[in-house]
Amino acid sequence: MNRPYLPPFFTLYDLPADSDERTLKRTYARELKKIDQATELEAFQALRDSYEQALAWLQHKVQADLSADAEIPPPIPEQYQEPQKTEAEPDHPDINGQTSYQKYRGPAPEIIARQAFSSLRAIVEKPQVTFSEIDEFLNTQVNSEVLLHVDARFLFEIQVAAYLSEGWCDGKHFLFSSATEQFNWLEQQVRLNIRSWELHNLLEALRQWKKHRDDHPDYLNKFLEIFELARQHDTPDDTFLLKTHDILQFMSSNLSLLMWVVTDSKKIQQWTERAAYLFAHQPIQNWADFHQKAKIDIGFGHQLKHAQNNNQTPGIDFAGYSDRDSFTQFQTSPDQKHSSLLQRLAYLLHYLTSLRFFFALGFAFLLVCLVTLGNLVEQKKHSKKTHSPQTSLSAEALFIAGEDAYFGRNKVSKSIPDAIELWQAAANKGSVDAAKSLAELYKNGTEVKKDLKQALHWYEHAARLGDARSQLTAGTMYYFGKGSNVSDQNALRLFQQCATKEAYCKTMWASLLLDNAPDDAAQKKALELLHQADDAGESNAQRLLAVAQLEGSLGMSKNTEKGLDQLFRSGYGDAKSQYLIGQYYEQGKYLRRNLPEAKAWYLKATKQGHSDAITALQKLCKSPTDKDPGCVAWRELQATLQAS
């Protein structure tokens, strides 16, 4: 007896034949968490394809069962039905701004992400919230059905990251710990790097935490203890500050942005300044104290390195500081203040006759000479207006130095010319990030004069280093003639280079083939590229294939139903598709003429800045007293834009 057919998704994950849609979604969510969508694209695409195939099979099975029972044909999708409306009931956006198509497709990813984040933020900012509450709520949100949509999940993650980047408040340290675990940020930061200009604080905090967690695992408890004290707004006594002087100095220098995200960094900075003052002004009573203080002055980082090289516990012990005398010995008693002059002279003579003292004095003299010489050299460079970066530094070090100069951080004064010079040196040594930073600097024109020619130069530099996004951007600039004359040849070369990593590059490659009177072979290649881009969810490819299906071009048979379905899918977030759907509704082409729907789709495209959609709405909504909901929404949008 033959077994009934089941889609691969059922057999692969051992799902029973009577599984419902909810079971499929939960299985998909579980397997999706095992895949890194940024690097394992093929695995993600295979999972998505098998899941959608199973959903389609299940829906067809349900419709077939209903048809068999009721002896009626299965329902036609809503967007293809003939409108059944009276003059009093036009099909226009409802009170929530949704049209019938939106209700059929569900809410937009932006709305899903915003609602999920608002709920999470309310939990985080609740008084006396606990880690378990935040962790459980975030885990529920991440694994909920509404966040199965890749775009919604990505937007939710970015909103959480941006919220953390704004700085610490009560509850955010719990969110930082939970989100780092839920989104696996310590190992995978590809998604955050897409918005690196906005999430710089969080990215740097994650880098600091990972580095010092791995480099100094024995000292994490002390870091966490100080973080917690600052969050509780406690004020430690001077003895505690003296004991933790070196640790506070180390944290201020190396964990600044981590503290910004997870604790009250201003409070810790105040403690650091107070500890430095106390340490500098504590009196030296004997020769042992003199050497003890000299050793401590070497610095916390040196002691860590020395201890690690000798497999020993560093000189500063977080638990009890057992290898150094109690700091109370540095406190001067009233009797000691009135010690004899002879005793003080004896101490001084002891210092002066110590061989170690002369070594220390010689080293200090040499250090002063080197610093003086360095200052003279630096002054000479400034007088000649030359700021050549240190060529001995690595590309990564030069890039970071340029970042410091650009943002004015790590005790470096903000200087755009220095940042440009450092980034140029880093880019010439092979730094993709430096080349992209230069390109965006000249493209945006915020800190320097806008120069698209320079922007294109540095995008091409990054493209030659293998960066797919830069290849895409440079190709687009050549295609539209920005920063250079229009050059289809250069654009095609760059789009071919990035086609393996960027679906949009395949779409542009196909467009160039079709723009130049293609023969059958070129047309076939263009169609193949568009299908590949469509499989990856690229909206421009979906729109081009939809139009080809509607018109029966590119060697495709004419099929209005499939073409419209493809166009509505691309219209979910693509402004050009939204404008095209609006045109079809306005003109009655392929769709029944429906002006309220046309206005609704034009309004969607307008919100994304589509100029032709704006013109269309201006034409349809000429009268300022027109009470049509689409025109009312258009006038409200105009008023909002003018006010902002």
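The values are calculated or read from the model by the stated rules, or taken from the named source; none is laboratory data. None of these values were measured; they are calculated from a predicted model. With ideal geometry, Cβ positions are generated from the backbone for all residues, glycine too; neighbour counts draw on all protein chains shown. Heavy atoms of the whole protein, side chains included, go into the accessibility calculation; ligands, DNA and RNA do not. Shrake-Rupley method; radii C 1.70, N 1.55, O 1.52, S 1.80 Å.
Rounded to the nearest percent, how much of the accessible area of the stretch 475-590 (1.4 Å probe, protein heavy atoms only) is carbon and sulfur?
Ligands and nucleic acids excluded, carbon and sulfur give 45 percent.
Can you give me the Cα centroid spacing of the stretch 585-644 and the stretch 151-193 in angstrom?
Distance between centres, Cα-based: 37 Å.
Please compute the modelled spin-label separation between Arg493 and Asp18, points set 7 Å along Cα→Cβ, answer in nm with one decimal.
6.5
With r defined as the distance between the Cβ atoms of Glu636 and Ile194 and R0 fixed at 22 Å, what FRET efficiency is calculated, to the nearest 0.05?
Between Glu636 and Ile194 the formula returns 0.10.
Under a 1.4 angstrom probe, counting protein chains only, how are Trp209, Trp185, Trp260 ranked by accessible area, largest first?
So the residues, ranked largest to smallest area, are Trp260, Trp209, Trp185.
Calculate the FRET efficiency for Lys525 and Arg213 from the Cβ-Cβ distance with a Förster distance of 60 Å, rounded to the nearest 0.05.
Efficiency at R0 = 60 Å is approximately 0.75.
Say the cut-off is 23 Å between C-alpha atoms; which of Lys482/Lys525; Lys414/Lys443; Lys501/Lys525; Lys604/Lys627; Lys25/Lys562 go over it?
In this structure, Lys482/Lys525; Lys25/Lys562 lie more than 23 Å apart at Cα.
Quick check: convex hull of the Cα atoms in the stretch 145-262, volume per residue, rounded to a whole Å³?
Here the figure is 108 Å³ per residue.
Radius of gyration and Dmax for the stretch 420-530's Cα atoms, expressed in Å?
According to the Cα coordinates of the stretch 420-530, Rg and Dmax are 15.1, 50 Å.
Give me the distance in nm between label points sitting 7 Å out from Cα along the Cα-to-Cβ direction at Leu465 and Ser132, one decimal.
With each label placed 7 Å out from Cα toward Cβ, I get 4.8 nm.
Round to a whole number: what % of the accessible area of the stretch 179-226 belongs to carbon and sulfur, probe 1.4 Å?
About 47 percent, which is the carbon plus sulfur part of the accessible surface.
Contour minus end-to-end for Ala43 and Leu376, with contour as 0.36 nm per residue of separation and end-to-end as the Cα-Cα distance?
Roughly 113.9 nm would be gained on extension.
Can you give me the P(r) profile for the stretch 512-634? Cα pairs, bins 5 angstrom wide beginning at 0, each as a whole percent.
Once binned at 5 Å, the Cα pair distances of the stretch 512-634 give 2, 12, 18, 20, 17, 13, 9, 5, 3, 1, 0, 0.
Between His281 and Ser392, how high is the FRET efficiency from 1/(1 + (r/R0)^6) when r is the Cβ-Cβ distance and R₀ = 45 Å? Nearest 0.05.
With R0 = 45 Å, the Cβ-Cβ based efficiency is 0.70.
Using a 7 Å offset from the Cα along the Cα-to-Cβ direction at both Gln59 and Leu361, what is the distance between the two label points in nm, to one decimal?
My value for the distance between the label points is 8.9 nm.
If you take the charge dipole of the stretch 536-644 about its Cα centre, with +1 on Lys and Arg Cβ and -1 on Asp and Glu Cβ, which of Ala575, Leu564, Ala598 is farthest toward its positive end?
Ala598
For Val486 and Ser119, calculate 0.36 nm times their separation in residues minus their Cα-Cα distance, and state this gained length in nm to one decimal.
Net length gain for the segment: 127.3 nm.
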